[in-house]
Amino acid sequence: MDHGGTGSGSVNNKHTVSLLEGLNSAGYQLDKELVNLYKPHAEKERIAEKERRKGKGILALPGRLSEMKMDDAFLAKKAEMSEIAFVTLGRNSGEGGDRVVDNDFNLATEEIEMLDKISKAFHAKGKKVVVILNIGGVIETASWKDKVDAIVLAWQPGQEGGHSVADVVSGKINPSGKLTMTFPVKYVDTPSAKNFPGVPAENPKEVTYEEGVYVGYRYFNTFNVKPSYEFGFGKSYTSFDYSNIKISSPTFKDKLEVKVTVKNSGKVAGKEVVELYLSAPNKLIDKPKSELKAFAKTKELQPGESETITLQLNPKDLASFITEKSAWVAEKGKYKIAVGASSLDIKQTAEFEVNSDLVVEKVQHVFPADKQFKDLRP
C-alpha cells in the first residue's frame with residue numbers, strides 16, 4: 001500500500017503499516033495461501049519497477065505494478081472458503097511528468113479482467129466484494145463500480161494506512177469524509193481535457209486555460225454533465241435527515257447566518273458534513289449554477305440524535321471579480337441557498353436579497369492578460 005506520493009509527496013517514514021498488517025490487527029483471518037503467493041509477487045514487481053525508474057532518472061514517475069494471475073478455478077475455491085474479497089487498486093504519481101489516460105486514469109485491461117473474475121466468483125457464492133482505492137488522484141470508476149459491493153477511497157493514507165483502512169472496513173470508525181473533487185464518467189467529460197497538454201501537440205510549450213470559472217463541479221453542475229461521483233459526495237454507515245432551515249434575515253447586510261437541523265436517522269453513530277451552496281445573480285458576469293460557500297461537520301450523533309448547525313455567509317462569499325471594475329462585487333438581486341450532503345444531493349433551500357451592488361474589495365488592475373481568449377460559456 002502506497003502511503004504517499006513520489007518526489008515532494010514522499011517522506012522518510014519511520015514505519016508503514018500495510019493493509020495486510022492492518023487487517024490482521026483488526027482481527028481478520030487472511031487467506032494464508034493467497035498471502036504467501038501475493039507477497040513475493042508484489043515484492044518482485046516493486047523491485048523491477050524501481051529498477052525501471054533508475055534508468056529513467058530521478059524524476060521518473062512510478063508505474064503501475066502488474067497483477068498476479070489467478071484462474072477461475074482458483075478464484076472459485078477462494079470464494080468458497082472466504083467470507084469477503086478485498087481488492088486494492090493502486091496509483092502513484094509525483095512531479096516531473098503528467099498522468100496519462102490509458103492504464104492510469106482508465107483501468108488497465110488486466111485490472112478489469114481481475115475485477116470481473118473476482119466479482120463473478122464471489123457473487124456466485126453470495127459473498128461481497130470491496131474495492132480499496134489506494135490512489136493519489138482521480139481515476140475512472142463508472143465502468144466497474146456496479147460490479148462491486150462497496151468502494152473505500154483510502155487515497156494515500158500515510159504510514160498508519162493499514163490500521164485506518166481496517167478501522168473503516170470493520171466499522172470501528174464510521175467514515176464521514178466527502179469528495180473535494182469530481183470523479184468524471186470519462187476523462188473527456190472534464191473541460192480541461194480539450195486544452196491539455198497544450199500546443200503544439202507533438203511538444204507542448206503552452207496551455208491556455210479556457211474553462212474560466214467552470215473548474216471542477218462548477219462545470220459539471222452548470223452544464224449538466226453527469227459525473228460518476230459528484231463533488232461533496234461521501235457515504236456513511238448511517239443516514240441523516242435535514243430539516244428546519246432558517247436564515248437570520250431575508251436581506252443581506254454585513255453577514256447572514258444559516259441554521260439547519262441534522263438528525264441521525266440510521267442505526268449507528270456517525271458524523272455528517274453539511275455543505276452550503278450559493279446561486280448568485282449573473283447580470284454583471286457569467287457565474288456557475290452554484291458554488292460551495294460554507295461547510296461544517298456535526299459532532300458524533302447517536303441514532304435519533306439531532307444537532308443544529310450554523311453556517312455563516314460574509315460579503316466576500318457573495319462576490320465575484322468584475323474585471324472591468326477591478327473589484328470584487330456582490331451583485332444586487334436574489335440569491336438562493338442550497339444546503340445538502342453533496343453538490344447534487346440538496347436537502348434544504350432558502351432565499352435572500354441584496355438590495356444594491358456591493359463593492360466588497362477594490363484592487364489595482366496591474367496584471368492584464370497578455371493573450372486574449374474567450375472563456376467558456378454555457
When (1) open to solvent by 30 Å² or more (accessible area, probe 1.4 Å); (2) assigned to a helix (DSSP H, G or I) are applied to Val165, the one that fails is (1)
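Yes/no matrix, rows are residues, columns are (1) in contact with a strand residue (DSSP E or B) (Cβ under 7 Å, 6 or more places away or on another chain); (2) hydroxyl-bearing (Ser, Thr, Tyr); (3) under 26 Å from Glu206 (Cβ atoms); (4) part of a loop (DSSP other than H, G, I, E, B):
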| site | (1), (2), (3), (4) |
| --- | --- |
| Ile337 | yes, no, no, no |
| Leu344 | no, no, no, yes |
| Glu351 | yes, no, no, no |
| Val359 | yes, no, no, no |
| His365 | no, no, yes, yes |
| Pro368 | no, no, yes, yes |
| Lys374 | no, no, yes, yes |
| Arg377 | no, no, yes, yes |
How about the range 224-253: which of its residues are among the β-branched types (Val, Ile, Thr) and either in contact with a Ser or Thr (Cβ under 6 Å, 6 or more places away or on another chain) or part of a loop (DSSP other than H, G, I, E, B) (or both)?
Val225, Thr238
Pick from the range 331-349 the residues that are free of Cβ contacts under 8 Å to residues at least 60 places away in the same chain and of a type in the set (Lys, Arg): which of them is nearest to Thr310 (Cα to Cα)?
Lys336
Across the range 197-223, what is the number of residues that are within 12 Å of Ser343 (Cα to Cα) and either in a loop (DSSP other than H, G, I, E, B) or open to solvent by 80 Å² or more (accessible area, probe 1.4 Å) (or both)?
1
Apart from one, (1) small (Gly, Ala, Ser); (2) buried (at least 17 other Cβ atoms within 10 Å of the Cβ); (3) touching a helix residue (DSSP H, G or I) at 6+ places or on another chain (Cβ under 6 Å) all hold for Gly136; the odd one out is (3)
Of the residues in the range 254-297, how many are of a type in the set (A, V, I, L, M) and in a loop (DSSP other than H, G, I, E, B)?
5
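Taking the range 52-87, which residues are charged (D, E, K, R), touching a residue at least 24 places away in the same chain (Cβ under 8 Å) and not in a helix (DSSP H, G or I)?
Of the range 52-87, the ones charged (D, E, K, R) are 52-54, 56, 64, 67, 69, 71-72, 77-78, 80, 83.
From what is left, the residues that are touching a residue at least 24 places away in the same chain (Cβ under 8 Å) are 64, 67, 72, 78, 80, 83.
Within the range 52-87, Arg64, Glu67, Glu83 meet the criteria.
How many of the residues in the range 308-322 are open to solvent by 40 Å² or more (accessible area, probe 1.4 Å), assigned to a strand (DSSP E or B) and either closer than 12 Å to Phe295 by Cβ or at pLDDT 95 or above (or both)?
First, pick out the residues of the range 308-322 that are open to solvent by 40 Å² or more (accessible area, probe 1.4 Å): 308, 310, 312, 314, 316, 321.
Adding the requirement that they be assigned to a strand (DSSP E or B) leaves 308, 310, 312, 321.
Within this subset, residues satisfying the condition of being either closer than 12 Å to Phe295 by Cβ or at pLDDT 95 or above (or both) are 308, 310, 312.
The total comes to 3.
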Out of the residues in the range 354-371 that are touching a Ser or Thr at 6+ places or on another chain (Cβ under 8 Å) and open to solvent by less than 70 Å² (accessible area, probe 1.4 Å), which is nearest to Leu284 (Cα to Cα)?
Val354
Residue check, Ile118 against (1) more than 25 Å from Lys186 (Cβ to Cβ); (2) open to solvent by less than 80 Å² (accessible area, probe 1.4 Å), all met but one. Which one?
(1)
Would you be able to tell me the number of residues in the range 97-150 that are of a type in the set (Gly, Ala, Ser) and touching a Leu at 6+ places or on another chain (Cβ under 9 Å)?
3
Among the listed residues Lys325, Lys289, identify the single one that is of a type in the set (D, E, K, R), under 25 Å from the mean Cα position of the chain (by Cα), open to solvent by 60 Å² or more (accessible area, probe 1.4 Å) and over 18 Å from Tyr242 (Cα atoms).
Lys289
If we keep only residues of the range 28-42 that are farther than 13 Å from Lys69 by Cα and of a type in the set (A, V, I, L, M, F, W, C), then the residue least open to solvent (accessible area, probe 1.4 Å) is Val35
Result of the Cβ filter at 6 Å on the range 22-51, keeping first residues that are in contact (Cβ under 8 Å) with a residue 24 or more places away in the chain and partners that are assigned to a helix (DSSP H, G or I), at least 6 apart or interchain, is Gly22/Gly162; Gly22/His163; Gly22/Val165; Gly22/Ala166; Leu23/Ala166; Ala26/Ala166; Ala26/Ser170
Of those in the range 173-196 that are surrounded by fewer than 12 Cβ atoms within 10 Å (Cβ to Cβ) and under 19 Å from Asn106 (Cβ atoms), the residue modelled with the lowest pLDDT is Lys194
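The values are calculated or read from the model by the stated rules, or taken from the named source; none is laboratory data. All of these numbers come straight from a predicted model, not from anything done at the bench. FYI the Cβ positions are ideal-geometry reconstructions off the backbone, even for glycines, and counts take in every protein chain you see. For the accessible areas, the whole protein counts, side chains as well, though only heavy atoms, and no ligand, DNA or RNA atoms are used. Shrake-Rupley method; radii C 1.70, N 1.55, O 1.52, S 1.80 Å.
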